[in-house]
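*Asks:* Dumping the structure here so I can ask a few things about it.
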Amino acid sequence: MTDAPASPLKLFNSLTRSLETFEPVHPGEARVYSCGPTVYNYQHIGNMRAYVFADTLGRTLSFKGYSLRHIINITDVGHLTSDADAGDDKMEKAAVQQGKTAWDIAAFYTAEFKRDLDWLNVRSPAKWTVATDYVPRMIEFAKRIADAHCYELESGLYFDVSTVADYGRLARAVTDEGEGRIEEVDGKRHAADFAIWRKTPAGETRQMEWDSPWGRGAPGWHLECSVMGEAELGMPFDIHTGGIDHREIHHPNEIAQNQAYRDCGSLDCTEHSGARLWMHNNFLIDRGGKMSKSSGEFLRLQLLVDRGYSPLAYRLMCLQAHYRSELEFSWEGLGASLTRLKRLVMAAVPVREVANAEVTDRRLVDLLEKFDAAMSDDLGTAVALTLLEEAAAMKKVDAGQKRAALAAMDAVLGLSLLSIDRTDLRVRPKSVVITEDEIEATLVRRKEARAAKDFAASDALRDELIAAGVEVMDGDPLGWDWRLSN
(Lines give C-alpha, C1' and ligand atoms only; values in the text may rest on other atoms or scores of the structure.)
Protein backbone atom coordinates (compact mmCIF):
# COMPACT_ATOMS: atom_id res chain seq x y z
CA MET A 1 0.00 0.00 0.00
CA THR A 2 0.93 3.66 -0.08
CA ASP A 3 2.61 5.53 2.75
CA ALA A 4 0.44 6.70 5.64
CA PRO A 5 -2.11 9.32 4.51
CA ALA A 6 -0.46 12.72 4.56
CA SER A 7 -3.31 15.25 4.47
CA PRO A 8 -3.92 16.83 7.89
CA LEU A 9 -7.31 15.86 9.29
CA LYS A 10 -9.51 18.92 9.69
CA LEU A 11 -12.84 18.70 11.48
CA PHE A 12 -15.57 21.25 12.18
CA ASN A 13 -15.83 22.14 15.85
CA SER A 14 -19.38 23.20 16.74
CA LEU A 15 -18.07 24.98 19.83
CA THR A 16 -15.83 27.34 17.87
CA ARG A 17 -17.82 27.17 14.60
CA SER A 18 -14.60 26.60 12.70
CA LEU A 19 -12.52 23.93 10.99
CA GLU A 20 -9.69 22.75 13.22
CA THR A 21 -6.78 20.42 12.64
CA PHE A 22 -7.23 17.30 14.73
CA GLU A 23 -4.59 17.06 17.44
CA PRO A 24 -5.27 14.20 19.86
CA VAL A 25 -5.10 14.70 23.60
CA HIS A 26 -3.09 11.48 23.83
CA PRO A 27 -0.57 11.02 21.00
CA GLY A 28 -1.56 8.25 18.60
CA GLU A 29 -4.99 7.80 20.21
CA ALA A 30 -8.43 9.11 19.34
CA ARG A 31 -11.03 9.04 22.09
CA VAL A 32 -14.61 9.62 20.93
CA TYR A 33 -17.91 9.69 22.80
CA SER A 34 -21.20 9.49 20.91
CA CYS A 35 -24.56 10.17 22.50
CA GLY A 36 -26.53 6.97 22.16
CA PRO A 37 -30.28 6.39 22.09
CA THR A 38 -32.87 6.47 24.81
CA VAL A 39 -34.17 2.92 24.44
CA TYR A 40 -37.89 3.47 24.95
CA ASN A 41 -38.83 2.89 21.30
CA TYR A 42 -37.40 1.98 17.91
CA GLN A 43 -34.97 4.45 16.36
CA HIS A 44 -36.13 6.22 13.21
CA ILE A 45 -33.82 6.59 10.24
CA GLY A 46 -33.09 10.19 11.17
CA ASN A 47 -31.71 8.96 14.49
CA MET A 48 -29.60 6.40 12.63
CA ARG A 49 -27.93 9.08 10.51
CA ALA A 50 -26.04 10.12 13.65
CA TYR A 51 -24.45 6.68 13.93
CA VAL A 52 -23.52 6.47 10.25
CA PHE A 53 -21.79 9.82 10.79
CA ALA A 54 -20.05 8.72 14.00
CA ASP A 55 -18.98 5.46 12.36
CA THR A 56 -17.57 7.32 9.36
CA LEU A 57 -15.65 9.60 11.72
CA GLY A 58 -14.27 6.58 13.58
CA ARG A 59 -13.31 4.80 10.37
CA THR A 60 -11.56 7.93 9.16
CA LEU A 61 -9.59 8.22 12.39
CA SER A 62 -8.56 4.56 11.99
CA PHE A 63 -7.60 5.24 8.36
CA LYS A 64 -5.42 8.11 9.54
CA GLY A 65 -3.56 5.73 11.83
CA TYR A 66 -5.04 6.55 15.23
CA SER A 67 -5.87 3.91 17.82
CA LEU A 68 -9.58 4.51 18.26
CA ARG A 69 -11.51 4.22 21.52
CA HIS A 70 -15.15 4.93 20.73
CA ILE A 71 -17.86 4.90 23.39
CA ILE A 72 -21.62 4.88 22.74
CA ASN A 73 -24.02 5.11 25.66
CA ILE A 74 -27.41 3.53 26.15
CA THR A 75 -29.82 5.77 28.06
CA ASP A 76 -32.19 3.57 30.04
CA VAL A 77 -33.19 6.09 32.71
CA GLY A 78 -33.48 9.82 33.25
CA HIS A 79 -34.42 11.15 29.78
CA LEU A 80 -37.67 13.04 30.08
CA THR A 81 -40.25 13.46 27.33
CA SER A 82 -38.89 16.95 26.69
CA ASP A 83 -35.22 17.46 26.00
CA ALA A 84 -35.62 20.71 27.92
CA ASP A 85 -35.93 18.71 31.14
CA ALA A 86 -39.70 18.55 31.49
CA GLY A 87 -42.38 15.87 31.44
CA ASP A 88 -42.29 12.19 32.34
CA ASP A 89 -39.33 9.82 32.15
CA LYS A 90 -39.47 8.27 28.68
CA MET A 91 -38.64 4.80 29.97
CA GLU A 92 -41.19 4.83 32.76
CA LYS A 93 -43.86 6.15 30.40
CA ALA A 94 -43.16 3.46 27.79
CA ALA A 95 -43.24 0.76 30.46
CA VAL A 96 -46.69 1.85 31.61
CA GLN A 97 -48.00 2.10 28.04
CA GLN A 98 -46.74 -1.37 27.09
CA GLY A 99 -47.45 -3.11 30.36
CA LYS A 100 -43.83 -4.17 30.84
CA THR A 101 -41.00 -3.33 33.20
CA ALA A 102 -38.68 -0.49 32.29
CA TRP A 103 -35.85 -3.02 32.30
CA ASP A 104 -37.65 -5.19 29.73
CA ILE A 105 -38.35 -2.14 27.56
CA ALA A 106 -34.67 -1.19 27.68
CA ALA A 107 -33.44 -4.69 26.82
CA PHE A 108 -35.80 -5.07 23.85
CA TYR A 109 -35.13 -1.71 22.21
CA THR A 110 -31.38 -1.93 22.88
CA ALA A 111 -31.32 -5.20 20.92
CA GLU A 112 -33.34 -3.63 18.10
CA PHE A 113 -30.99 -0.65 17.95
CA LYS A 114 -27.90 -2.85 17.79
CA ARG A 115 -29.48 -4.91 15.01
CA ASP A 116 -30.04 -1.71 13.01
CA LEU A 117 -26.39 -0.79 13.51
CA ASP A 118 -25.36 -4.20 12.19
CA TRP A 119 -27.59 -3.72 9.16
CA LEU A 120 -25.90 -0.39 8.47
CA ASN A 121 -22.43 -1.90 8.90
CA VAL A 122 -21.69 0.42 11.81
CA ARG A 123 -18.73 -0.92 13.76
CA SER A 124 -19.27 -1.79 17.40
CA PRO A 125 -17.79 0.73 19.85
CA ALA A 126 -14.98 -0.16 22.19
CA LYS A 127 -17.61 -0.19 24.92
CA TRP A 128 -21.33 0.27 25.34
CA THR A 129 -22.02 2.26 28.49
CA VAL A 130 -25.44 1.69 30.04
CA ALA A 131 -26.65 4.56 32.20
CA THR A 132 -28.02 2.49 35.08
CA ASP A 133 -24.62 0.83 35.53
CA TYR A 134 -23.12 4.22 36.42
CA VAL A 135 -25.66 5.58 38.93
CA PRO A 136 -23.31 5.32 41.97
CA ARG A 137 -20.68 7.24 40.00
CA MET A 138 -23.31 9.82 38.99
CA ILE A 139 -24.13 10.42 42.64
CA GLU A 140 -20.44 10.98 43.45
CA PHE A 141 -20.13 13.37 40.48
CA ALA A 142 -23.17 15.32 41.69
CA LYS A 143 -21.85 15.47 45.25
CA ARG A 144 -18.61 16.99 43.97
CA ILE A 145 -20.36 19.87 42.17
CA ALA A 146 -23.41 20.35 44.42
CA ASP A 147 -22.11 22.93 46.91
CA ALA A 148 -20.70 25.38 44.37
CA HIS A 149 -23.02 24.90 41.43
CA CYS A 150 -26.36 23.40 42.51
CA TYR A 151 -29.38 24.09 44.67
CA GLU A 152 -32.14 21.88 45.98
CA LEU A 153 -35.86 22.16 45.36
CA GLU A 154 -38.66 19.92 46.47
CA SER A 155 -38.45 18.12 43.11
CA GLY A 156 -34.70 17.53 43.14
CA LEU A 157 -31.20 18.95 42.74
CA TYR A 158 -30.76 21.60 40.03
CA PHE A 159 -27.70 23.03 38.33
CA ASP A 160 -27.39 26.82 38.40
CA VAL A 161 -26.10 27.74 34.94
CA SER A 162 -24.94 31.18 36.13
CA THR A 163 -22.14 29.50 38.11
CA VAL A 164 -20.09 28.58 35.02
CA ALA A 165 -18.58 30.76 32.33
CA ASP A 166 -20.03 30.99 28.84
CA TYR A 167 -23.09 28.83 29.43
CA GLY A 168 -24.84 28.14 26.13
CA ARG A 169 -21.92 29.10 23.89
CA LEU A 170 -22.23 25.82 21.98
CA ALA A 171 -25.80 26.77 21.03
CA ARG A 172 -24.80 30.42 20.67
CA ALA A 173 -27.33 31.23 23.40
CA VAL A 174 -25.32 34.21 24.66
CA THR A 175 -25.39 37.89 23.83
CA ASP A 176 -22.45 39.87 22.53
CA GLU A 177 -21.81 40.92 26.13
CA GLY A 178 -21.56 37.26 27.12
CA GLU A 179 -24.66 37.24 29.35
CA GLY A 180 -27.02 34.33 28.96
CA ARG A 181 -30.53 35.00 27.59
CA ILE A 182 -32.38 33.42 30.50
CA GLU A 183 -35.53 34.22 32.42
CA GLU A 184 -36.48 33.46 35.99
CA VAL A 185 -39.32 30.98 36.44
CA ASP A 186 -41.14 29.62 39.48
CA GLY A 187 -38.96 27.27 41.47
CA LYS A 188 -35.81 27.43 39.37
CA ARG A 189 -33.48 30.39 39.64
CA HIS A 190 -33.07 30.59 35.87
CA ALA A 191 -35.08 29.14 33.01
CA ALA A 192 -32.04 27.28 31.71
CA ASP A 193 -31.24 25.56 35.03
CA PHE A 194 -31.57 21.81 34.74
CA ALA A 195 -32.01 18.77 36.94
CA ILE A 196 -29.00 16.87 38.20
CA TRP A 197 -31.12 14.56 40.35
CA ARG A 198 -34.90 14.12 40.33
CA LYS A 199 -36.62 13.06 43.53
CA THR A 200 -39.40 10.54 43.34
CA PRO A 201 -42.58 12.48 44.27
CA ALA A 202 -44.02 11.69 47.70
CA GLY A 203 -46.37 8.74 47.58
CA GLU A 204 -45.02 7.47 44.25
CA THR A 205 -42.63 4.66 43.36
CA ARG A 206 -40.58 4.55 40.19
CA GLN A 207 -39.39 1.33 38.62
CA MET A 208 -35.91 2.83 38.40
CA GLU A 209 -34.91 4.76 41.52
CA TRP A 210 -31.96 4.96 43.90
CA ASP A 211 -31.10 6.51 47.24
CA SER A 212 -29.06 9.72 47.17
CA PRO A 213 -28.19 12.64 49.47
CA TRP A 214 -31.10 14.53 47.84
CA GLY A 215 -33.68 11.81 48.37
CA ARG A 216 -34.71 8.68 46.56
CA GLY A 217 -34.98 9.24 42.82
CA ALA A 218 -33.11 9.06 39.53
CA PRO A 219 -30.34 11.02 37.78
CA GLY A 220 -30.96 13.68 35.17
CA TRP A 221 -30.29 12.77 31.55
CA HIS A 222 -27.58 15.40 31.08
CA LEU A 223 -25.61 14.13 34.08
CA GLU A 224 -25.38 10.64 32.64
CA CYS A 225 -23.31 11.50 29.57
CA SER A 226 -20.86 13.64 31.54
CA VAL A 227 -20.25 10.80 33.97
CA MET A 228 -19.92 8.04 31.39
CA GLY A 229 -17.63 10.11 29.18
CA GLU A 230 -15.33 10.96 32.09
CA ALA A 231 -15.36 7.40 33.40
CA GLU A 232 -14.38 5.74 30.12
CA LEU A 233 -12.34 8.37 28.28
CA GLY A 234 -11.06 10.75 30.95
CA MET A 235 -11.33 14.51 30.55
CA PRO A 236 -10.64 16.16 28.32
CA PHE A 237 -11.10 13.61 25.57
CA ASP A 238 -10.91 14.26 21.85
CA ILE A 239 -14.35 14.36 20.22
CA HIS A 240 -17.96 14.34 21.38
CA THR A 241 -20.56 13.63 18.67
CA GLY A 242 -24.32 13.80 18.42
CA GLY A 243 -27.22 15.04 16.35
CA ILE A 244 -27.63 18.77 15.83
CA ASP A 245 -30.66 18.72 18.14
CA HIS A 246 -28.28 17.96 21.05
CA ARG A 247 -26.34 21.14 20.29
CA GLU A 248 -29.10 23.34 21.69
CA ILE A 249 -29.82 21.91 25.17
CA HIS A 250 -28.28 18.54 26.03
CA HIS A 251 -24.69 19.27 25.09
CA PRO A 252 -24.56 22.80 26.60
CA ASN A 253 -25.75 21.22 29.84
CA GLU A 254 -23.12 18.50 29.61
CA ILE A 255 -20.49 21.16 29.07
CA ALA A 256 -21.65 23.14 32.11
CA GLN A 257 -21.41 20.02 34.28
CA ASN A 258 -17.95 19.25 32.92
CA GLN A 259 -16.74 22.78 33.68
CA ALA A 260 -18.06 22.47 37.23
CA TYR A 261 -16.57 19.03 37.80
CA ARG A 262 -13.13 20.11 36.58
CA ASP A 263 -13.21 23.60 38.16
CA CYS A 264 -12.73 25.09 34.70
CA GLY A 265 -13.25 28.58 33.43
CA SER A 266 -13.92 30.13 30.06
CA LEU A 267 -14.79 28.07 27.00
CA ASP A 268 -12.20 30.08 25.08
CA CYS A 269 -10.18 27.01 25.98
CA THR A 270 -12.28 24.26 24.38
CA GLU A 271 -10.76 21.61 26.64
CA HIS A 272 -12.71 23.17 29.52
CA SER A 273 -15.85 21.78 27.87
CA GLY A 274 -14.70 18.22 28.52
CA ALA A 275 -13.83 17.52 24.87
CA ARG A 276 -11.59 19.28 22.41
CA LEU A 277 -14.10 19.08 19.59
CA TRP A 278 -17.90 18.88 19.51
CA MET A 279 -19.26 17.54 16.25
CA HIS A 280 -22.90 17.37 15.12
CA ASN A 281 -24.65 15.88 12.13
CA ASN A 282 -27.57 17.75 10.61
CA PHE A 283 -31.16 16.55 10.30
CA LEU A 284 -32.66 14.05 7.91
CA ILE A 285 -35.71 15.75 6.43
CA ASP A 286 -38.83 13.79 5.57
CA ARG A 287 -41.41 15.82 3.68
CA GLY A 288 -43.94 13.06 4.32
CA GLY A 289 -43.87 13.82 8.04
CA LYS A 290 -43.30 10.25 9.26
CA MET A 291 -39.95 10.78 10.95
CA SER A 292 -41.22 11.50 14.44
CA LYS A 293 -41.96 8.62 16.81
CA SER A 294 -45.02 10.56 17.99
CA SER A 295 -46.62 10.07 14.56
CA GLY A 296 -47.25 6.38 15.26
CA GLU A 297 -45.94 4.50 12.23
CA PHE A 298 -42.63 6.22 11.60
CA LEU A 299 -39.74 5.70 9.24
CA ARG A 300 -37.39 3.15 10.70
CA LEU A 301 -34.90 0.83 9.09
CA GLN A 302 -37.23 -2.18 9.26
CA LEU A 303 -39.74 -0.30 7.09
CA LEU A 304 -37.06 0.24 4.44
CA VAL A 305 -36.28 -3.48 4.49
CA ASP A 306 -39.98 -4.33 4.29
CA ARG A 307 -40.18 -2.18 1.18
CA GLY A 308 -37.32 -4.06 -0.46
CA TYR A 309 -34.34 -1.79 0.21
CA SER A 310 -31.02 -2.95 1.59
CA PRO A 311 -30.02 -0.94 4.69
CA LEU A 312 -26.66 -0.34 3.00
CA ALA A 313 -28.52 1.74 0.40
CA TYR A 314 -29.53 4.05 3.24
CA ARG A 315 -25.93 4.19 4.46
CA LEU A 316 -24.82 5.22 0.96
CA MET A 317 -27.63 7.77 0.85
CA CYS A 318 -26.23 9.34 4.01
CA LEU A 319 -22.71 9.39 2.59
CA GLN A 320 -23.88 11.22 -0.53
CA ALA A 321 -24.48 14.34 1.57
CA HIS A 322 -22.07 16.10 3.89
CA TYR A 323 -22.85 15.24 7.49
CA ARG A 324 -23.37 18.93 8.35
CA SER A 325 -25.92 19.40 5.55
CA GLU A 326 -29.59 18.60 5.77
CA LEU A 327 -30.44 15.42 3.89
CA GLU A 328 -33.89 15.00 2.40
CA PHE A 329 -35.30 11.49 2.41
CA SER A 330 -37.40 10.21 -0.48
CA TRP A 331 -38.15 6.73 -1.76
CA GLU A 332 -36.91 7.82 -5.19
CA GLY A 333 -33.63 8.96 -3.68
CA LEU A 334 -33.26 5.72 -1.76
CA GLY A 335 -33.89 3.76 -4.96
CA ALA A 336 -31.20 5.74 -6.75
CA SER A 337 -28.79 5.04 -3.90
CA LEU A 338 -29.53 1.32 -4.16
CA THR A 339 -28.84 1.39 -7.91
CA ARG A 340 -25.55 3.20 -7.28
CA LEU A 341 -24.59 0.64 -4.65
CA LYS A 342 -25.36 -2.25 -6.99
CA ARG A 343 -23.11 -0.77 -9.66
CA LEU A 344 -20.28 -0.46 -7.16
CA VAL A 345 -20.71 -4.05 -6.00
CA MET A 346 -20.73 -5.27 -9.64
CA ALA A 347 -17.55 -3.32 -10.38
CA ALA A 348 -15.81 -4.95 -7.41
CA VAL A 349 -16.70 -8.52 -8.41
CA PRO A 350 -13.72 -9.10 -10.78
CA VAL A 351 -11.15 -8.36 -8.06
CA ARG A 352 -12.97 -9.82 -5.07
CA GLU A 353 -11.06 -13.11 -4.95
CA VAL A 354 -7.56 -11.79 -5.71
CA ALA A 355 -4.96 -10.94 -3.08
CA ASN A 356 -4.15 -7.34 -2.26
CA ALA A 357 -0.97 -5.99 -3.78
CA GLU A 358 1.05 -2.90 -2.96
CA VAL A 359 -0.44 0.08 -4.73
CA THR A 360 2.21 1.54 -6.98
CA ASP A 361 0.19 2.39 -10.09
CA ARG A 362 0.30 6.17 -10.30
CA ARG A 363 -3.37 6.43 -11.23
CA LEU A 364 -4.47 4.51 -8.14
CA VAL A 365 -1.98 6.33 -5.92
CA ASP A 366 -3.41 9.65 -7.13
CA LEU A 367 -6.95 8.48 -6.38
CA LEU A 368 -5.97 7.35 -2.89
CA GLU A 369 -4.30 10.69 -2.22
CA LYS A 370 -7.40 12.54 -3.42
CA PHE A 371 -9.57 10.23 -1.32
CA ASP A 372 -7.48 10.98 1.75
CA ALA A 373 -7.71 14.70 1.04
CA ALA A 374 -11.50 14.49 0.69
CA MET A 375 -12.01 12.60 3.94
CA SER A 376 -9.46 14.82 5.72
CA ASP A 377 -11.53 17.85 4.71
CA ASP A 378 -14.17 17.43 7.43
CA LEU A 379 -15.27 14.00 6.18
CA GLY A 380 -16.00 14.85 2.54
CA THR A 381 -17.85 11.63 1.82
CA ALA A 382 -19.64 12.87 -1.31
CA VAL A 383 -16.32 13.50 -3.08
CA ALA A 384 -14.84 10.31 -1.64
CA LEU A 385 -17.67 8.27 -3.18
CA THR A 386 -16.93 9.58 -6.65
CA LEU A 387 -13.27 8.66 -6.20
CA LEU A 388 -14.28 5.17 -5.08
CA GLU A 389 -16.39 4.82 -8.23
CA GLU A 390 -13.50 6.04 -10.36
CA ALA A 391 -11.20 3.42 -8.86
CA ALA A 392 -13.84 0.71 -9.29
CA ALA A 393 -14.28 1.58 -12.97
CA MET A 394 -10.56 1.70 -13.75
CA LYS A 395 -9.46 -0.62 -16.59
CA LYS A 396 -6.08 -2.08 -17.49
CA VAL A 397 -4.76 -1.99 -13.95
CA ASP A 398 -3.27 -4.75 -11.83
CA ALA A 399 -6.13 -6.60 -10.11
CA GLY A 400 -4.34 -6.89 -6.78
CA GLN A 401 -3.56 -3.19 -6.66
CA LYS A 402 -7.09 -2.31 -7.62
CA ARG A 403 -8.47 -4.55 -4.91
CA ALA A 404 -6.15 -2.99 -2.34
CA ALA A 405 -7.23 0.51 -3.33
CA LEU A 406 -10.92 -0.42 -3.16
CA ALA A 407 -10.40 -2.12 0.19
CA ALA A 408 -8.71 0.98 1.63
CA MET A 409 -11.49 3.28 0.48
CA ASP A 410 -14.28 0.92 1.48
CA ALA A 411 -12.78 0.50 4.95
CA VAL A 412 -13.58 4.19 5.44
CA LEU A 413 -16.98 4.31 3.73
CA GLY A 414 -18.18 0.99 5.12
CA LEU A 415 -20.18 -0.35 2.15
CA SER A 416 -18.82 -3.93 2.30
CA LEU A 417 -18.10 -3.92 -1.43
CA LEU A 418 -15.65 -6.80 -1.28
CA SER A 419 -17.71 -9.05 0.96
CA ILE A 420 -21.25 -8.82 -0.41
CA ASP A 421 -22.75 -9.99 -3.67
CA ARG A 422 -25.36 -8.18 -5.68
CA THR A 423 -27.85 -10.87 -4.72
CA ASP A 424 -27.33 -9.80 -1.09
CA LEU A 425 -28.90 -6.48 -2.07
CA ARG A 426 -31.96 -8.25 -3.47
CA VAL A 427 -34.24 -7.69 -0.49
CA ARG A 428 -37.69 -9.22 -0.76
CA PRO A 429 -40.43 -6.63 -0.14
CA LYS A 430 -42.77 -7.71 2.63
CA SER A 431 -45.83 -7.24 0.42
CA VAL A 432 -44.58 -9.57 -2.34
CA VAL A 433 -46.28 -12.99 -2.39
CA ILE A 434 -44.53 -14.64 -5.35
CA THR A 435 -41.70 -17.03 -4.43
CA GLU A 436 -38.24 -17.01 -5.98
CA ASP A 437 -38.87 -20.52 -7.39
CA GLU A 438 -41.99 -19.19 -9.09
CA ILE A 439 -39.99 -16.28 -10.51
CA GLU A 440 -37.35 -18.61 -11.93
CA ALA A 441 -40.00 -20.92 -13.41
CA THR A 442 -41.74 -17.98 -15.08
CA LEU A 443 -38.44 -16.77 -16.50
CA VAL A 444 -37.80 -20.23 -18.00
CA ARG A 445 -41.22 -20.11 -19.67
CA ARG A 446 -40.48 -16.61 -20.93
CA LYS A 447 -37.16 -17.72 -22.35
CA GLU A 448 -38.88 -20.58 -24.16
CA ALA A 449 -41.49 -18.18 -25.56
CA ARG A 450 -38.79 -15.83 -26.82
CA ALA A 451 -36.91 -18.73 -28.41
CA ALA A 452 -40.15 -19.70 -30.21
CA LYS A 453 -40.58 -16.05 -31.27
CA ASP A 454 -43.85 -15.92 -29.37
CA PHE A 455 -43.27 -12.36 -28.26
CA ALA A 456 -46.86 -11.82 -27.16
CA ALA A 457 -46.51 -14.63 -24.64
CA SER A 458 -43.08 -13.34 -23.64
CA ASP A 459 -44.45 -9.86 -22.99
CA ALA A 460 -47.40 -11.26 -21.06
CA LEU A 461 -45.07 -13.21 -18.76
CA ARG A 462 -42.94 -10.12 -18.26
CA ASP A 463 -46.04 -8.10 -17.34
CA GLU A 464 -47.07 -10.86 -14.96
CA LEU A 465 -43.74 -10.59 -13.15
CA ILE A 466 -43.88 -6.80 -13.05
CA ALA A 467 -47.35 -6.97 -11.50
CA ALA A 468 -45.88 -9.23 -8.82
CA GLY A 469 -43.14 -6.70 -8.07
CA VAL A 470 -40.38 -8.32 -10.13
CA GLU A 471 -38.28 -6.39 -12.64
CA VAL A 472 -36.95 -8.49 -15.53
CA MET A 473 -33.50 -7.36 -16.63
CA ASP A 474 -32.75 -8.77 -20.09
CA GLY A 475 -29.04 -9.01 -20.76
CA ASP A 476 -28.12 -8.65 -17.09
CA PRO A 477 -26.33 -11.67 -15.56
CA LEU A 478 -28.46 -11.31 -12.44
CA GLY A 479 -31.58 -11.80 -14.56
CA TRP A 480 -34.16 -10.16 -12.33
CA ASP A 481 -34.66 -8.00 -9.29
CA TRP A 482 -37.48 -6.73 -7.15
CA ARG A 483 -39.13 -3.76 -8.77
CA LEU A 484 -38.85 -0.91 -6.29
CA SER A 485 -41.93 1.20 -5.92
CA ASN A 486 -43.71 3.02 -3.14
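*Asks:* Pairs under 7 Å by beta carbon, first residue open to solvent by 20 Å² or more (accessible area, probe 1.4 Å) in the stretch 331-347, partner assigned to a helix (DSSP H, G or I), six or more apart or different chains?
*Replies:* 333/317; 340/316; 342/422; 342/425; 346/422; 347/392; 347/393
*Asks:* Residues that are open to solvent by less than 10 Å² (accessible area, probe 1.4 Å), at pLDDT 95 or above and under 23 Å from residue 192 (Cβ atoms): does the stretch 310-317 have at least one?
*Replies:* The answer is no; no qualifying residue exists.
*Asks:* Just for strands (runs of 3 or more DSSP E) wholly inside the stretch 174-253: which have at least 2 residues that are more than 23 Å from residue 51 (Cβ to Cβ) and modelled with pLDDT of 95 or more? Steps first, answer last, please.
*Replies:* Values: elements: 194-199, 217-219, 237-243.
In the stretch 174-253, 194-199, 217-219 are the strands (runs of 3 or more DSSP E) which contain 2 or more residues that are more than 23 Å from residue 51 (Cβ to Cβ) and modelled with pLDDT of 95 or more.
*Asks:* Here's something else I'd like to know. Among the listed residues 447, 396, identify the single one that is more than 35 Å from the chain's Cα centre (by Cα) and at positive phi.
*Replies:* Only one candidate qualifies: 396.
*Asks:* Without any contact (Cβ under 8 Å) to a residue 12 or more places away in the chain and more than 25 Å from residue 330 (Cβ to Cβ) - does that describe any residue in the stretch 392-411?
*Replies:* So far as the stretch 392-411 goes, yes, one or more of its residues are without any contact (Cβ under 8 Å) to a residue 12 or more places away in the chain and more than 25 Å from residue 330 (Cβ to Cβ).
*Asks:* Of these, 48, 91, which one is under 13 Å from the mean Cα position of the chain (by Cα) and either farther than 20 Å from residue 252 by Cβ or buried (at least 24 other Cβ atoms within 10 Å of the Cβ) (or both)?
*Replies:* Checking each option against the conditions leaves just 48.
*Asks:* Oh, and also: In the stretch 397-418, which residue that is of a type outside the set (S, T, N, Q) and part of a loop (DSSP other than H, G, I, E, B) is most open to solvent (accessible area, probe 1.4 Å)? Can you show your working first?
*Replies:* Looking only at the stretch 397-418, we keep the residues that are of a type outside the set (S, T, N, Q), and these are 397-400, 402-415, 417-418.
If we keep only those that are part of a loop (DSSP other than H, G, I, E, B) too, we end up with 397-398, 414-415, 417-418.
Working: 397: 28, 398: 78, 414: 1, 415: 0, 417: 4, 418: 30 Å².
For the stretch 397-418, the residue satisfying everything is 398.
*Asks:* Sticking with this structure for a sec: Can you confirm whether the stretch 275-284 contains a residue that is among the small types (Gly, Ala, Ser), more than 30 Å from residue 85 (Cα to Cα) and in contact (Cβ under 8 Å) with a residue 60 or more places away in the chain?
*Replies:* To start, the set of residues in the stretch 275-284 that are among the small types (Gly, Ala, Ser) comprises 275.
Now drop any that are not more than 30 Å from residue 85 (Cα to Cα), which leaves none.
Scanning the stretch 275-284 turns up no residue that is among the small types (Gly, Ala, Ser), more than 30 Å from residue 85 (Cα to Cα) and in contact (Cβ under 8 Å) with a residue 60 or more places away in the chain.
*Asks:* Under the condition of being touching a residue at least 60 places away in the same chain (Cβ under 8 Å) and open to solvent by 60 Å² or more (accessible area, probe 1.4 Å), which residue from the stretch 109-125 is nearest to residue 227 (Cα to Cα)? So that I can check it myself, show each step before the final result.
*Replies:* Of the stretch 109-125, the ones touching a residue at least 60 places away in the same chain (Cβ under 8 Å) are 109-110, 112-113, 116-117, 119-123, 125.
Restricting the remaining residues to those that are open to solvent by 60 Å² or more (accessible area, probe 1.4 Å) gives 119, 123.
Details: 119: 30, 123: 23 Å.
Looking at the filtered set, the residue picked out is 123.
*Asks:* Based on what the data block shows, is residue 144 assigned to a helix (DSSP H, G or I), of a type outside the set (A, V, I, L, M, F, W, C), modelled with pLDDT of 95 or more and open to solvent by 20 Å² or more (accessible area, probe 1.4 Å)?
*Replies:* Taking the combined requirement at face value, the residue satisfies it.
*Asks:* Could I ask something else about it? Check the stretch 289-301 and report whether any residue there is within 21 Å of the chain's Cα centre (by Cα), open to solvent by less than 50 Å² (accessible area, probe 1.4 Å) and at pLDDT 95 or above.
*Replies:* yes
*Asks:* Regarding the stretch 57-65, can at least one residue be identified that is under 9 Å from the mean Cα position of the chain (by Cα) and open to solvent by less than 10 Å² (accessible area, probe 1.4 Å)?
*Replies:* No, every residue in the stretch 57-65 fails to be under 9 Å from the mean Cα position of the chain (by Cα) and open to solvent by less than 10 Å² (accessible area, probe 1.4 Å).
The values are calculated or read from the model by the stated rules, or taken from the named source; none is laboratory data. Being a predicted model, the structure only gives us computed values, none of them experimental. FYI the Cβ positions are ideal-geometry reconstructions off the backbone, even for glycines, and counts take in every protein chain you see. Keep in mind that these areas ignore ligands, DNA and RNA; they rest on the heavy atoms of the full protein, side chains included. Shrake-Rupley method; radii C 1.70, N 1.55, O 1.52, S 1.80 Å.
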